[in-house]
Amino acid sequence: MTGILEVQGVSIAFGGLKAVQDFRLSLREGGLQGLIGPNGAGKTTVFNLLTGVYRPDSGTVSLGGHNLIGLKPHQIARAGMARTFQNIRLFADLTVLDNIRIASHARTWTSTLASVLRTPGAIAAESAITEHAMELLDVLGLADRAQETARNLPYGDQRRLEIARALALDPEVLLLDEPAAGMNPQEKIALRGLIRTVRERFSLSVLLIEHDMGLVMDLCEQITVLDHGTVIADGSPESVQGNPRVIEAYLGAPSAEVSA
Amino acid sequence: MTKLLQTLMDGVSVGSLYALIALGYTMVYGILKFINFAHSDIFMLGAWVSFTLATLMGWTSDAPWIAGPAVICGSMLICGTIGFVIERLAYRPLRAAPRINVLITAIGVSLFLENVGQLEYVFGTRPQRMPSLLPDTVLASVAGVSIRLVDVLVIGIAFSLMGALEYLVFSTKLGRAMRAVSHDLKTASLMGIDVDRVISITFIIGSSLAAAAGFLTAAKYPSINQPAHSNWILFGLKAFVAAVVGGIGNVRGAMAGGLMIGLVEMFGAAFFSPNLRDVYVFTLLIVVLLIKPDGLLGRATVEKV
């Protein structure tokens with residue numbers, strides 16, 4: 001069985017540093033998979049490799065059977081891969097609504113000239129985009145903030161706006177980079193529900209980087225563990241939790257070896 | 001009173017030329033965060049291409065009414081293409097390089113354009129006289145101020161182009177993409193925006209606005225200096241000052257800054273000393289930078305630690 005997102009043997013080195021080595025992953029259609037590992041393990045590098053920010057030195061990445069290697073980031077985004085960022089990277093000077101509409105443009109094909117000249121087709125497309133954007137804001141509970149400038153939103157809302165913006169690309173795969181970072185327990189519970197809701201509603205497959213183990217273990221069906229750029233375990237949450245290599249990566253080697 | 005109005009008219013007229021050029025500096029800075037030193041040469045090319053087109057068409061005297069519109073459009077088209085080619089060949093390969101490399105490349109492009117322009121078979125090294133494509137008529141006299149057609153056209157065309165740009169940047173899909181790329185190029189590409197295309201369009205627009213300014217300058221001051229003359233650079237430099245005064249990277253700021261520079265220069269020249277006109281401009285720059293280092297409409301950048 002092949003998944004919607006298939007990654008095989010992906011490696012990248014920066015100078016002498018082998019940041020990610022022989023990474024593999026298979027994300028099932030409609031699946032919710034976790035990507036965990038200690039700080040500096042290479043998780044965000046994996047996201048950058050998947051979205052075309054970095055081009056891997058070797059390996060294959062395919063989305064729905066289409067090869068993604070060599071495509072530019074905007075082409076990969078249009079092919080159906082959307083992401084959020086560990087450090088929020090909204091278009092801070094733009095309104096909440098415009099942040100979403102920017103991403104929606106990738107899905108529409110009105111020409112630049114048509115939009116400048118305000119042809120009826122372009123106006124119709126534009127109002128469809130706005131409608132779709134408002135719908136997304138509604139789902140994410142941001143509808144009443146549509147006209148606010150993104151930088152003025154509270155932190156939790158900015159995190160949700162990032163998810164809304166990613167959804168505006170109408171993706172098949174959603175990559176979430178530490179969506180719970182900086183959230184309080186109540187917000188984390190709400191986020192958990194939100195991730196489930198959007199996955200159902202937009203029939204997405206989700207790959208999640210997260211440090212909050214409670215959240216990961218509860219949400220994900222499959223977990224891949226990364227340490228020093230290599231996959232040290234993958235499988236169900238239970239099997240990963242009991243894996244001695246994973247425990248070692250997080251907690252260090254058993255005390256007998258430490259004393260040496 | 002007459003002198004006041006006349007100076008106001010001159011100031012707005014020159015200021016709108018500065019504003020047109022400043023827009024190119026500010027748009028490129030806004031997106032690529034570097035100062036395109038070759039921009040003042042595009043302005044020079046705008047004037048020289050206009051002259052060449054007019055001469056080639058034989059519109060040296062008694063030009064038909066179509067001559068003016070045809071020449072300005074032709075010049076904008078040609079210079080827009082040149083701007084596109086410069087970005088494609090000189091700047092794009094350096095996209096990932098440190099800013100200083102691109103900056104030095106821009107100086108190189110600037111020298112290249114000036115020197116190619118001086119070649120005998122291009123524009124040559126002699127100054128020329130721009131044929132008057134627009135009738136030099138005085139439209140009206142208000143309170144002793146003669147309102148010349150040239151000034152009205154300069155102001156009218158400059159303001160229409162600025163209005164069109166304002167519309168483009170703030171009310172269209174392309175403008176939204178430009179603002180997104182300007183804010184964060186990498187994130188914009190991850191949101192499906194074809195960044196290379198947006199940058200190309202930015203260069204085309206900026207260069208054609210500079211070309212329009214070149215045409216209008218030649219229409220207002222018909223003696224065209226040779227391509228490498230320092231007056232071109234000085235004019236471009238003042239437009240750059242306008243962009244900085246308004247807040248570099250800010251489209252509305254560039255328009256406001258241009259008008260302000262034009263007014264300060266003309267009022268200084270008329271009421272104090274015409275010899276110090278450049279001094280007023282650069283004094284204004286220093287004062288603005290002391291009071292508001294990000295420019296009049298610039299946003300204060302807060303460094304997060």
**Request:** Would you work out which of A:G31, A:Y54, B:Y29 lies farthest towards the positive end of the dipole of the protein assembly as shown? Charges go on Cβ: Lys and Arg +1, Asp and Glu -1.
**Result:** B:Y29
**Request:** For chain A, give the magnitude of the charge dipole about the Cα centre (Cβ charges: +1 Lys/Arg, -1 Asp/Glu; no others), in debye to the nearest 20.
**Result:** 580 debye
**Prompt:** What per residue convex hull volume, in Å³, do the alpha-carbon atoms of the protein assembly as shown yield?
**Reply:** 197 Å³
**Over 21 Å between alpha carbons, listed pairs B:K173/B:K238; B:K33/B:K186; A:K72/B:K186** = B:K173/B:K238
**Asked** Under 21 Å Cα-Cα from A:K18, which lysines qualify once same-chain neighbours fewer than 8 residues away are excluded?
**Response** A:K43
**Contact order relative to length of the range B:2-291, as percent, for alpha carbon pairs under 8 angstrom and 6 or more apart** = 39 percent
**Request:** Ratio to report: Rg/Rh of chain B, with Cα atoms as the point set and Rh obtained by the Kirkwood method; give two decimals.
**Result:** 0.97
**Message:** Please list, by residue number, every one of the trypsin sites (Lys or Arg not before Pro) in the range B:84-142 that is coil in DSSP and has at most 15 other beta-carbon atoms within 10 Å.
**Reply:** B:R95
**Item:** Cα lying deepest toward the dipole's positive end in the range A:117-232, options A:G182, A:T130, A:C220, charges on Cβ
**Value:** A:T130
**Residue range of chain B that is longest and free of GluC sites (Glu not before Pro) which are both DSSP loop and sparsely packed (at most 10 other C-beta within 10 Å)** = B:121-302
**Item:** Residue-by-residue Karplus 3J(HN,Hα) for the range A:64-77, coefficients 6.51, -1.76, 1.60, Hz, glycine and proline x
**Value:** x, x, 9, 5, 10, 5, x, 7, 7, x, 5, 6, 5, 4
**Span-like helix ranges in chain B, DSSP H, alpha carbon extent 20 angstrom or more, Kyte mean at least -0.5** = B:2-32, B:39-56, B:67-86, B:99-118, B:149-171, B:195-220, B:230-246, B:251-271, B:277-291
**Asked** Using the Cβ atoms and a cut-off under 11 Å, what net charge is assigned to the surroundings of A:T60, where Lys and Arg are +1 and Asp and Glu are -1?
**Response** 0
**Request:** Could you please report the charge total around B:S40, scoring K, R as +1 and D, E as -1 over all other residues with beta-carbon less than 12 angstrom from its beta-carbon?
**Result:** -1
**Asked** Cα axis of helix A:185-201 to longest principal axis of chain A: angle in degrees, 0 to 90, nearest 10?
**Response** 70 degrees
**the range B:5-90: chymotrypsin sites (Phe, Trp or Tyr not before Pro) in DSSP loop, at most 16 other beta carbons within 10 Å** = B:W65
**Message:** Restricting the calculation to Cα positions, tell me the Rg (one decimal) and the Dmax (whole number) of chain A in Å.
**Reply:** 19.6, 76
**Request:** Choose one of A:L94, A:G121, A:G80: the residue whose Cα lies farthest towards the positive end of the charge dipole of the range A:1-148 (beta-carbon charges +1 Lys, Arg; -1 Asp, Glu; about the Cα centre).
**Result:** A:G80
**Complete:** Treating only Lys and Arg (+1) and Asp and Glu (-1) as charged, each at its beta carbon, one finds that the range A:1-101 has a dipole about its Cα centre, in Debye to the nearest 20, of 40 debye
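Every number in this text was worked out from the coordinates using simple rules, so none of it is lab data. For clarity, every value in this text was computed on a predicted model and none was experimentally measured. Heads up, the Cβs are rebuilt from the backbone with ideal geometry, glycines too, and the neighbour counts pull from every protein chain shown.
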